[in-house]
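The structure appears below as C-alpha cells.
The values are calculated or read from the model by the stated rules, or taken from the named source; none is laboratory data. Bear in mind the structure is a predicted one, so any value in this text is a computation, not a measurement. Cβ placement follows ideal geometry from the backbone for every residue including glycine, while neighbour counts extend to all protein chains displayed. Accessible surface is based on the protein model in full, side chains and every heavy atom, while ligands, DNA and RNA are left aside. Shrake-Rupley method; radii C 1.70, N 1.55, O 1.52, S 1.80 Å.
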Amino acid sequence: MSTPTCGESNDAAAPQAIPVVFVVDDDVSVRESVELLVLSAGWRPQTFASARDFLARPRVVAPSCLVLDVHLPDLNGLDLQERIVDRIDMPIIFITGYGDVPMTVRAMKAGAVEVLTKPFNEDVLLGAIQHALERSRTALRQEVEMRALRQDYASLSRREREVMALVVRGLLNKQIGGELGISEITVKTHRGRVMRKMKAGSLADLVNMAAKLRLATGHS
C-alpha cells in the first residue's frame, strides 16, 4: 500500500496516525528538552526556532498540537495563533517565561489549551499535550465525517435534493408531491434513493445530516 506524500490526505488513517507535537521556541535548550519529553511519550516531535520556519513546513495528516513560546524574535506566538486560528485540528499550548494575565486571557480566548510558565513541570506539560492531541483526534474525525457527508449529498440529483429538503422539514409524501408537482409514488421512490445515498437509517438520521450540512429544516 502506498504512503501519502506531503500534502496528500489519507483521511481514514489520519486520526490513528502517530501524533506529531510541533515545538516552536527560540531557546535551543527548551526545544531539545521538550523534544526528548515528546519522544519518551511515544509521539513524534518537530522543532522550530521561529514562527516563520514553522509556517513554512507542510501540513501533516495526523493528530497534532503546537507547543508555542509566546515571545519569539520574528512573529510572536500570539500573532502566530491568529494566523492559524482555522486549524482546530492543531490545538496550541503556550509556554512563556514572562506570563501575565492579559496575555493569558487573550491566548485562552483564542482557543489555547493551556498557558504554562517556564520552568514548567514535565508531567503538567505531558498532560496538556495529551489533552490537546485528544482534541486533535476528535477534530480530524469530524473533518473526515463531514467530507464524506458532503460527498454523499453531492451524489444526489437535483430532484432528490428537493425531496430531501422537504422531508427534513417534516412534510408528508403527499404534501411533498403537491409542493413539487409529482405523484406520491414518485416521492417515495426519490425518498428511498435519498435515504440510501445518504446512508441514513432513519428520518432522525437524515434530519441530523441536514443540520450538519446547514440545510434549512424549519417550516417557512
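Only residues in the range 50-65 that are in contact (Cβ under 8 Å) with a residue 40 or more places away in the chain count as the first member; pair them with residues that are among the hydroxyl-bearing types (Ser, Thr, Tyr) and open to solvent by less than 30 Å² (accessible area, probe 1.4 Å), Cβ under 8 angstrom, at least 6 apart or cross-chain, and list the lot.
Within 8 Å, the pairs are Pro63/Ser136; Ser64/Ser136; Cys65/Ser136.
For the range 188-220, give me the residue count where each residue is open to solvent by 60 Å² or more (accessible area, probe 1.4 Å) and in contact with a Ser or Thr (Cβ under 7 Å, 6 or more places away or on another chain).
Final tally of qualifying residues: 2.
Can you pull out the residues in the range 127-151 that are touching a helix residue (DSSP H, G or I) at 6+ places or on another chain (Cβ under 6 Å) and of a type in the set (D, E, K, R)?
Matches in the range 127-151: Arg137, Arg141.
Can you pull out every residue in the range 123-163 that is surrounded by 14 or more Cβ atoms within 10 Å (Cβ to Cβ), among the acidic types (Asp, Glu) and at pLDDT below 95?
Glu143
Identify, by number, the condition in (1) surrounded by 12 or more Cβ atoms within 10 Å (Cβ to Cβ); (2) at pLDDT 95 or above; (3) of a type in the set (A, V, I, L, M, F, W, C) that Ile185 doesn't meet.
Evaluating Ile185 over (1) surrounded by 12 or more Cβ atoms within 10 Å (Cβ to Cβ); (2) at pLDDT 95 or above; (3) of a type in the set (A, V, I, L, M, F, W, C) leaves (1) as the failure.
Out of (1) in contact (Cβ under 8 Å) with a residue 24 or more places away in the chain; (2) touching a Leu at 6+ places or on another chain (Cβ under 9 Å); (3) surrounded by fewer than 20 Cβ atoms within 10 Å (Cβ to Cβ), the odd one out for Arg87 is which?
Of (1) in contact (Cβ under 8 Å) with a residue 24 or more places away in the chain; (2) touching a Leu at 6+ places or on another chain (Cβ under 9 Å); (3) surrounded by fewer than 20 Cβ atoms within 10 Å (Cβ to Cβ), only one is false for Arg87: (1).
Only one residue in Val115, Val34, Val61 is surrounded by 14 or more Cβ atoms within 10 Å (Cβ to Cβ) and at pLDDT 95 or above. Which one?
On the way: Val115 fails: at pLDDT 95 or above; Val61 fails: at pLDDT 95 or above.
Step by step, each of Val115, Val34, Val61 is checked, and only Val34 is surrounded by 14 or more Cβ atoms within 10 Å (Cβ to Cβ) and at pLDDT 95 or above.
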